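Asks: Shown below is the structure under consideration.
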Amino acid sequence: MKEFKGTKDWKIVKLKATEFQTERTEIQFGNDGECVAEFVHNDYDAKLIAAAPELLKELIKINKLAECSDDRFSSYSDVIYHDSLKAINKALN
């Protein structure tokens, strides 16, 4: 499985209006204000985008657990494994 090589530790930053731009929400990383996403439309989207690296990390853990599950949970873990792998591949490929 591929590894996430993108920037981690994303945060939501509310930027005040200036004479050139209206008030807006960005997703940034690092201490110097590097931008991951500009002009996020609402707080719900901003929270989801900012959580994406952590969500992917946890989904990979779930995928590994489902891959190793014993026979008692085979049909359920098989669905979890394949669905989580599909989502992981969407993020990494």
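No value in this document is a laboratory result; all are computed from the given coordinates. The structure presented is a predicted model; accordingly, all values stated were derived computationally and were not measured. All Cβ positions, glycine included, derive from the backbone under ideal geometry; neighbour counts span all protein chains shown.
Asks: Tell me the angle of helix 43-68 to the major Cα principal axis of the chain, expressed in degrees between 0 and 90 and rounded to the nearest ten.
Replies: 20
Asks: For n ≥ 4 DSSP H runs only, could you compute -39500 (n - 2.57) per run for the chain, divide by its residues and tell me the 222 nm figure to the nearest 500?
Replies: -17000 deg cm²/dmol
Asks: Would you compute, for the Cα atoms of the chain, the largest minus smallest coordinate along each principal axis and list the three values in descending order, in whole Å?
Replies: Largest first, the chain extends 63, 23, 19 Å along its Cα principal axes.
Asks: Let me ask something additional. Applying 1/(1 + (r/R0)^6) with R0 = 25 Å to the Cβ-Cβ distance of VAL79 and LYS8, what FRET efficiency is obtained, to the nearest 0.05?
Replies: 0.30
Asks: Also, quick follow-up: Which of the residue pairs LYS14/LYS90; LYS8/LYS86; LYS16/LYS90; LYS11/LYS90; LYS14/LYS86 have a Cα-Cα distance greater than 26 Å in the structure shown?
Replies: LYS14/LYS90; LYS16/LYS90; LYS14/LYS86
Asks: What is the angle, in °, between the Cα long axis of helix 74-92 and the longest principal axis of the Cα atoms in the chain? Nearest 10 is fine, range 0 to 90.
Replies: 30
Asks: Here is a further query. Which chymotrypsin sites (Phe, Trp or Tyr not before Pro) in the range 1-60 pass both tests, a DSSP loop state and at most 11 other beta-carbon atoms within 10 Å?
Replies: PHE20, PHE39
Asks: Let me ask something additional. Assign unit charges at the C-beta atoms only (+1 for Lys and Arg, -1 for Asp and Glu), then state the dipole size of the chain relative to its Cα centre in Debye, rounded to the nearest 20.
Replies: Value, rounded to 20: 100 debye.
Asks: How charged is the neighbourhood of LYS14? Take every other residue with its Cβ under 14 Å from the Cβ of LYS14, and add Lys/Arg as +1 and Asp/Glu as -1.
Replies: Neighbourhood net charge equals -1.
Asks: Which residue, ASN63, ASN31, ASN42, has the most motion in a Gaussian network model of the chain that connects Cα atoms within less than 10 Å?
Replies: Looking only at ASN63, ASN31, ASN42, the biggest GNM fluctuation is shown by ASN31.
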